[in-house]
Amino acid sequence: MARALVNMPTTARRGDVIEIRTLIAHPMETGYRRGDDGNILARNLIRRFTVRYDGETVFAADLYPAVAANPLLVFSTVATTSGTLTFTWEGDNGFAQTESVALVVT
């Protein structure tokens, strides 16, 4: 399991634009480099990042080999109702990581 960090406000007023920052510890190995033993390192990438706000997708990104290790993704959304934001990272070799954060809208 990778270490994922989500930085966002836990409260907001209805209609506020909130900034969300996510960071996940992942090597993002392209499958093109050689290791110390001379063999090609196996590909290990995060391929897709999706954010759902009470089940509705509010942000999604496809990630490619050019993305750095430990990708930081920053985006904004509008606080509409109290609910849960669910962050999902999916990748090679069956990799999947999900984090959830509750948002209270006043």
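The values are calculated or read from the model by the stated rules, or taken from the named source; none is laboratory data. Predicted model only: the values in this text are computed from it and were never measured. Note: ideal-geometry Cβ built from the backbone for every residue, glycine included; neighbour counts use all protein chains shown. Calculation scope for accessible area: heavy atoms of the full protein, side chains included, ligands and nucleic acids excluded. Shrake-Rupley method; radii C 1.70, N 1.55, O 1.52, S 1.80 Å.
Taking amide H atoms as placed 1.01 Å from N in the peptide plane, the amide H of SER82 lies under 5 Å from those of VAL105, each 5 or more residues away in sequence or on another chain. With protein chains left intact and a 1.4 Å probe, residues in the chain average 59 Å² of accessible area per residue.
A straight line joining the Cα centroids of segment 1-66 and segment 83-105 runs 10 Å. About its Cα centre, the dipole of the chain is roughly 100 debye, where the only charges are +1 on Lys and Arg Cβ and -1 on Asp and Glu Cβ. Within the listed set PHE87, PHE49, PHE59, the residue fluctuating most in the Gaussian network model of the chain (springs between alpha-carbon atoms under 10 angstrom) is PHE59. The share of accessible area on the chain that comes from carbon and sulfur is 49 percent, using a 1.4 angstrom probe.
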